[in-house]
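Peer 1: There's a structure below that I have some questions on.
The values are calculated or read from the model by the stated rules, or taken from the named source; none is laboratory data. What you see is a predicted model, and the numbers here were worked out from it, not measured in a lab. Cβ coordinates were reconstructed from backbone atoms using ideal geometry, including for glycine residues, and neighbour counts include every protein chain displayed. Remember, those area values only see protein heavy atoms, side chains included, never the ligands or the DNA or RNA. Shrake-Rupley method; radii C 1.70, N 1.55, O 1.52, S 1.80 Å.
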Amino acid sequence: SSDNLDIMVIHGNGATLAVQRKADVGKSDLLIAATSSDELNILCCILAKKLGCRNTISRVINREYAEQLQLLRDELGLSMTVNLDLISAREIFGLVQFPSFLKRDSFAKGRVELVEYKISSDSHLVGLRIDRLEEALRMKILVCAVERGDKIIIPKGSFVFDEGDTIAVTAPRSDLAKLVKKLDIANHKIRSVMIVGGGRIAAYLTDDLLKSNVKVKIIEQNPARCRELAEMFSDALIICGDGTSQSLLLEEGIKETDAVISLTNIDEENMLVSMFADYVGVPKTITKISRSEYSQLLSEKGIGSM
């Protein structure tokens, strides 16, 4: 890390008193514990708080821990806990609800949404000046940024939309469905989802999808994990097999599914699955990417939302 980033790196166990004192944690405004162990993260935060650190944030993987830590947050000295798998699942679920959007983020405790949408050739936004947008849509929205080719533009009133522009729009959550209608976005309702990879994100996501009456099919290679998923979700179809196999995907009806979500632990596998899904005509593909540098290279390669 010290070779790539302008930061100070200390080698050692962050949950030990000696290492935290060496890092001067006690005089810090914030400690973030983000190891792969919940217990280690919690111990880091407790120790940091005892040393005088003002705020601590702990990454939590186990959902049961996350629920318990909400009750014990003050006693443990935690300012905040973050379950990245749950956050990812909720973001994916939001995209499934409005599949025409490339990205969707919430602000102000969910009251305001920021969405990304790519303008198609038949959109009535093509050729429209931004200062006439409110009149054309008969609703108030804010266009925060426009991505045109390799440029990011903060648009002024005279800006004119063009085919292929990716626009970032913010609006109240209550107006989101109205915005989809006003923009003439084909909001293809997703009734069936194929998930490749049966990890924690897939489990969180399946829970939300089934509650919304969406049919779920999970393809997972590990037989033991398949049995766990089958016990957790009696209404989902669990397939034990290689989700990167095109023949298996075709056999399991990838052409008939409304959305394919690639959630394996290997970025390259996720990208290949999504590209194949796009190739056979799946309306919506969502790809989990761990390495952020891929997102800039692959935005136009048929892997959908990332």
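Peer 1: If I ask for residues that are at pLDDT 80 or above and polar (S, T, N, Q), which ones from region 67-93 would you list?
Peer 2: Ser79, Thr81, Asn83, Ser88 - these are the residues of region 67-93 that are at pLDDT 80 or above and polar (S, T, N, Q).
Peer 1: Residues being at pLDDT below 90 and either open to solvent by 60 Å² or more (accessible area, probe 1.4 Å) or among the polar types (S, T, N, Q) (or both): count how many of those fall in region 269-306.
Peer 2: 13
Peer 1: If I go through region 94-122 residue by residue, how many of them are modelled with pLDDT of 75 or more, among the small types (Gly, Ala, Ser) and outside any helix (DSSP H, G or I)?
Peer 2: The qualifying residues number 2.
Peer 1: If you go through region 1-45, how many residues are at pLDDT 90 or above, in contact with a Leu (Cβ under 8 Å, 6 or more places away or on another chain) and among the hydrophobic types (A, V, I, L, M, F, W, C)?
Peer 2: Adding up the residues that qualify gives 6.
Peer 1: Might you let me know whether region 85-93 holds any residue that is of a type in the set (Phe, Trp, Tyr), assigned to a helix (DSSP H, G or I) and open to solvent by less than 60 Å² (accessible area, probe 1.4 Å)?
Peer 2: Here is the first cut: in region 85-93, the ones of a type in the set (Phe, Trp, Tyr) are 93.
Still in the running and assigned to a helix (DSSP H, G or I): 93.
If we keep only those that are open to solvent by less than 60 Å² (accessible area, probe 1.4 Å) as well, we get 93.
The answer is yes, given that some residue of region 85-93 is of a type in the set (Phe, Trp, Tyr), assigned to a helix (DSSP H, G or I) and open to solvent by less than 60 Å² (accessible area, probe 1.4 Å).
Peer 1: Show me the strands (runs of 3 or more DSSP E) found entirely inside region 139-236 where at least 1 residues are of a type outside the set (Ser, Thr, Tyr) and surrounded by fewer than 18 Cβ atoms within 10 Å (Cβ to Cβ). Explain how you work it out, then say what you get.
Peer 2: Details: elements: 142-148, 151-153, 166-172, 192-196, 215-220.
Result: 142-148, 151-153, 166-172, 215-220.
Peer 1: I'd like the full set of residues that are open to solvent by 70 Å² or more (accessible area, probe 1.4 Å) and in a loop (DSSP other than H, G, I, E, B), limited to region 3-33.
Peer 2: Asp3, Asn4, Leu5, Asp6, Ile7, Met8, Val9, His11, Asn13, Asp24, Asp29
Peer 1: Right, here's the next one. Any residue at all in region 52-62 that's open to solvent by 90 Å² or more (accessible area, probe 1.4 Å) and modelled with pLDDT under 90? I'd like the intermediate steps shown before the answer.
Peer 2: Of all residues in region 52-62, those open to solvent by 90 Å² or more (accessible area, probe 1.4 Å) come to 54.
Still in the list and also modelled with pLDDT under 90: none.
No: region 52-62 contains no residue that is open to solvent by 90 Å² or more (accessible area, probe 1.4 Å) and modelled with pLDDT under 90.
Peer 1: Just to be sure I understand the filter: pairs with C-beta atoms under 8 Å, separated by 6 or more residues or on different chains, first member in region 221-239 and acidic (Asp, Glu), second member surrounded by 13 or more Cβ atoms within 10 Å (Cβ to Cβ). Which pairs pass?
Peer 2: Asp235/Leu210; Asp235/Val216
Peer 1: Of all residues being charged (D, E, K, R) and under 16 Å from Ala259 (Cβ atoms) in region 161-206, which is modelled with the highest pLDDT? Just the residue, please.
Peer 2: Going through the qualifying residues, I end up with Arg191.
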